[in-house]
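Worksheet: one structure, shown below.
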Amino acid sequence: MSLSLEILLKHASKEVLSVIPGILIIFRVWRFVRIGHGLVASTYELQQHKLHLAVSYIEELEERVKKYEDEPTRTAKMDKLIRRLSSSNVEH
């Protein structure tokens, strides 16, 4: 790049030399755009990974809750029945 600029600067006319700063600015801006895009892309991928982990964790917790909801629970009626059965066994 520097060799081509040196050759260009030695043999260029004033009109060409007046355009060079604009071209260099465009290259610099393009470089910043590429760096910014890389940052956005990597941040997006990181957030997608975190989102996937969170969704997996939520699904696991929902399965655990459903498992516990499906298990028979002791209600007041069941407790009364157990007490009645245990008291009738004691009497015999």
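The values are calculated or read from the model by the stated rules, or taken from the named source; none is laboratory data. All values reported here derive from a predicted model rather than from experimental measurement. Note that each Cβ is placed from the backbone with ideal geometry, even for glycine, and that neighbours are counted across all protein chains shown. When the accessible area is computed, the model is the full protein with side chains, heavy atoms only, and any ligands, DNA or RNA have been set aside. Shrake-Rupley method; radii C 1.70, N 1.55, O 1.52, S 1.80 Å.
Quick look at the values:
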{"read-out": "Matching option when the condition is surrounded by fewer than 10 Cβ atoms within 10 Å (Cβ to Cβ) and modelled with pLDDT of 75 or more, among Glu69, Glu6, Glu15, Glu91", "value": "Glu15"}
{"read-out": "Pairs, first on the phi < 0 side of the Ramachandran plot and β-branched (Val, Ile, Thr) in region 67-86, second modelled with pLDDT of 70 or more and open to solvent by 100 Å² or more (accessible area, probe 1.4 Å), C-beta under 9 Å, six or more apart", "value": "none"}
{"read-out": "Search result, residues across region 11-29 that are farther than 14 Å from Met1 by Cβ and in a helix (DSSP H, G or I)", "value": "His11, Lys14, Glu15, Val16, Leu17, Ser18, Val19, Pro21, Gly22, Ile25, Ile26, Val29"}
